[in-house]
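Read the structure below first, then the notes.
Here, each number is a calculation from the coordinates, and none is a lab measurement. Just so it is clear, the structure is predicted and the values come from calculations on it, not from any experiment. Cβ: placed from backbone, ideal geometry, glycine included. Neighbour counts: every protein chain shown.
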Amino acid sequence: MRTAARKPLFYAAITLLVLFTTLPVLYAVITIFKRESELYRFGSNPFIYETSPTLDHLIYLFTDTAFPTFAVNSIIIGLLVVAITVALAVPAAYALARLTGHWGERSGMAIFLVYLIPPTLLFIPLFRIVVALGLANSIWSLVLVLPTITIPFCTWLLLGFFRSIPPQLDEAALLDGCTRLQAFWKVVLPQALPGIGACIVFAFSLSLSNYIYAVTFVSESAARNISAGVPTELIRGDVYFWPSLMAATTVVAIPLGIAYGLLFDYLVRGFQSAGAGGE
Amino acid sequence: MNAGPDGALARLALALERPRVLGALMLAPAVLYVVAFVAVPFFIAIALSVSDATVGDPRIDTFVGLDNFIAVLGQSGFRLALRNSLLITTLTVLILLVLATTAVELLARDFRGKRLVQVLFMIPWAMPVSLSAITWLWVLDSQYSPIDWVLVQIGLLGPGGTFGPSWNLFYLGREGLAIASIVLVDVWRTLPLATIIVLAGRLSIPRERLEQAQLDGAGFFRILFRIIIPALAPVLTVAILFTALLVIGEMSTIALLTRGGPGHSTQILPLWAYLKGINSGDLGQGAAIALFLFPVLLAAAIVALRFAYRAGKD
């Protein structure tokens, strides 16, 4: 009886929660297909289409703005950052989880502290380094610098995954005559693939979402990425092209939201094994 | 017999079997990278903050002691930025604590459509912060805000309405409302992360303990306040720390929503550091502003993580 009475209440609460997180995005989606005459008519209902919807703004975004350039830059930067992150974080996390003994097991806290150093603290000196290396105004500046955010985060996340793999697996492989590297490569790594998958998604989206580095290091349109390009170039002075701006934000938000949502349980597990317990 | 290279290779292979050697080798690239691009810039930031470097003359050659910090403290923009950074972060975290604990109680259960709910719930965190700021900018638009439209429809806004005769509330144009709007956006974008962290702790509470309490006749709120919240204290601390650092270090929300205005009433430290350091070209002052809260943040982080660690061990 009690559960029957509570069920509608539970679903009402869930609906409220989801409405809170999605309403701005839903409203953005509605806006994309509105004609400007209706959008800027005072007092018109913002949630429905009083005149027929249009695809013009979506087409405009992809054909008449620099958005495709930003998107391509973001994807190139993201893929390279992912590659660097995985190449450096996976061995580091394995070493800390298995090879460096007591000292490595307790390093989780220190690694996370590195991730938590706000970019606002580092952007001025990093800008100087970027200029000194001749990388200002190119996407390579971001490829070089964004792993400062992704490597600590992914090392910490993977540390938890490697710890949750029983050490007996490595030991059995060593007894079977594998070298330590082979044990890592052939036995442990396949077990950690879900964790590496989560790392790839996070490294990609963290690289996509950084704003302060992108806006400081790059001021040429051709090298801008989405997070800095959309707010600085699709808004001209004080003129906001709302429908195409909303198209730009939702085109990015929806695939990323799906990826994060599908990784929800991995994330919770990552915090269970590596983060929340401390160390 | 060419024993030389073979001998060297064999010795290398042997060395790689020693955990400490292999461990150091696997760790080295990541450590070197972090030293080069986090530790070195961090010390450059400290050096800049006690120098007279500008964009025009970026050499760190004149030691000026604490002059930059003193100059910065004298600016009214800085004092407002400091106050707002602390105010916005505190308010955001307090609201998050309530919302995240509630969301966790909902998401800890199994129900139909859970996958879809998880996807929709994660969107705010998955979106790049600058893009969520733009989305909110449109929701809070001075003329066409849909919130205003709803308020007008139910008679709270417009001529004769409770909130005044104007058709709009101008969310980002009035100091108090602007701060509230920014807190709302920050809560919105950090709620998924806070929830995930707290959920990780919630799912670690042994189910038997909750069932036993239920059998003993404890009601929902009694279980919540006597068992769940005390058991969650360490993860709640971690959640506070993470979200607070994410909020206090982010400038794009305010840079896009209010540009620190009206006046400097919504100015925050990161944006002030950016305006001074990059736009006005005073690298020394910019670095001083960025560094200003670091000792506080570091101390808070260590205390919080220590507490979480110790509590987690019990």
Checklist entry - Across peptide B:141-153, how many C-beta atoms of other chains are within 10 Å of each residue C-beta, on average? => result 3
Checklist outcome for this item: So for R0 = 51 Å, FRET eff. of A:L79-A:V239 from the Cβ-Cβ r, to 0.05, ends up at 0.95
Checklist entry - So what is the relative contact order for the range B:37-174, in percent, with contacts set as C-alpha pairs under 8 Å and at least six apart? => result 10 percent
Next on the checklist: Just to be sure I understand the model, the point goes 7 Å from the Cα along the line to the Cβ. What's the resulting A:L193 to B:L86 distance in nm?
Outcome noted: 5.2 nm
Item to check | Calculated FRET efficiency for the pair A:F47/B:A108, C-beta based, R₀ 30 Å, to 0.05 | outcome: 0.40
Checklist outcome for this item: Taking every residue of B:282-290, the Cβ atoms of other protein chains inside 10 Å of its Cβ average out to 3
Checklist entry - For chain B, modelled as a GNM with alpha-carbon contacts under 10 angstrom, which of B:G164, B:G113, B:G173 fluctuates the most? => result B:G113
Next on the checklist: Helix-only mean residue ellipticity at 222 nm, chain A, DSSP H runs n ≥ 4 weighted -39,500 (n - 2.57), per residue, nearest 500. What is it?
Outcome noted: -22000 deg cm²/dmol
Checklist entry - How large is the helix-only mean residue ellipticity at 222 nm for chain B, computed as the sum of -39500 (n - 2.57) over DSSP H runs with n ≥ 4, divided by its residue count, in deg cm²/dmol to the nearest 500? => result -21500 deg cm²/dmol
Item to check | Spin-label zone in the range A:60-83 - amide nitrogen under 15 Å from a point set 7 Å from the Cα of A:L39 along the C-beta vector | outcome: A:60-65
Checklist outcome for this item: Given unit charges at Cβ for Lys, Arg (+) and Asp, Glu (-), the dipole magnitude of the range B:71-148 about its Cα centre in debye, nearest 20, is 220 debye
Checklist outcome for this item: The alpha-carbon center of the range A:16-93 and that of the range A:174-219 are separated, in whole Å, by 27 Å
Item to check | Long-range tail of P(r) for the protein assembly as shown (Cα pairs > 35 Å, %) | outcome: 43 percent
Item to check | Amide hydrogen neighbours beyond the local backbone of A:L135, cut-off 5 Å, H modeled | outcome: none
Checklist entry - In whole percent, what relative contact order does the range A:107-161 give with Cα contacts below 8 Å and a gap of six or more residues? => result 60 percent
Checklist entry - Can you pull out the cysteines in chain A that have no other Cys Cβ under 4.7 Å? => result A:C178
Checklist entry - Under the classification rounded if a/c is under 1.5, otherwise prolate if a/b is larger than b/c and oblate if not, where does chain B fall, given a ≥ b ≥ c as square roots of the Cα gyration tensor eigenvalues? => result oblate
Checklist entry - Under 5 Å between amide H atoms, partner at least 5 residues away or on a different chain: which partners does B:S51 have, H built in plane at 1.01 Å? => result B:V64
Checklist entry - With labels modelled as points extended 7 Å from the Cα through the Cβ direction, what inter-label distance (nm, one decimal) is found for B:A28 paired with B:L16? => result 1.3 nm
Checklist outcome for this item: Given unit charges at Cβ for Lys, Arg (+) and Asp, Glu (-), the dipole magnitude of chain B about its Cα centre in debye, nearest 20, is 840 debye
Checklist entry - Given a Förster radius of 45 Å and the C-beta distance between A:Y11 and A:E171 as r, what FRET efficiency does 1/(1 + (r/R0)^6) yield to the nearest 0.05? => result 0.40
Next on the checklist: Just want to confirm a number: the relative contact order over chain A, from Cα pairs under 8 angstrom separated by 6+ residues, in percent.
Outcome noted: 30 percent
Next on the checklist: Please list, by residue number, every one of the chymotrypsin sites (Phe, Trp or Tyr not before Pro) in the range B:220-254 that is coil in DSSP and has at most 12 other beta-carbon atoms within 10 Å.
Outcome noted: none
Item to check | Cα-based shape type of the range B:200-307, given that a ≥ b ≥ c are square roots of the gyration tensor eigenvalues and the cut on a/c is 1.5 | outcome: prolate
Checklist entry - At B:F43 and B:I302, where each label point lies 7 Å from the Cα along Cα→Cβ, what is the point-to-point distance in nanometres? => result 1.9 nm
Checklist outcome for this item: The alpha-carbon pair-distance distribution computed for chain A, with 5 angstrom bins and whole-percent values, is 1, 5, 10, 12, 13, 12, 12, 11, 9, 7, 4, 2, 1, 1, 0, 0
Checklist entry - What full-extension length gain, to one decimal in nm, is calculated for B:V64 and B:A233 as 0.36 nm per residue of separation minus the Cα-Cα distance? => result 56.4 nm
Item to check | Angle in degrees between helix A:2-32 and the longest Cα principal axis of chain A, rounded to the nearest 10 | outcome: 60 degrees
Checklist entry - Shape of the range B:1-149 from its Cα gyration tensor (a ≥ b ≥ c, root eigenvalues): rounded if a/c is under 1.5, otherwise prolate when a/b > b/c, or oblate? => result oblate
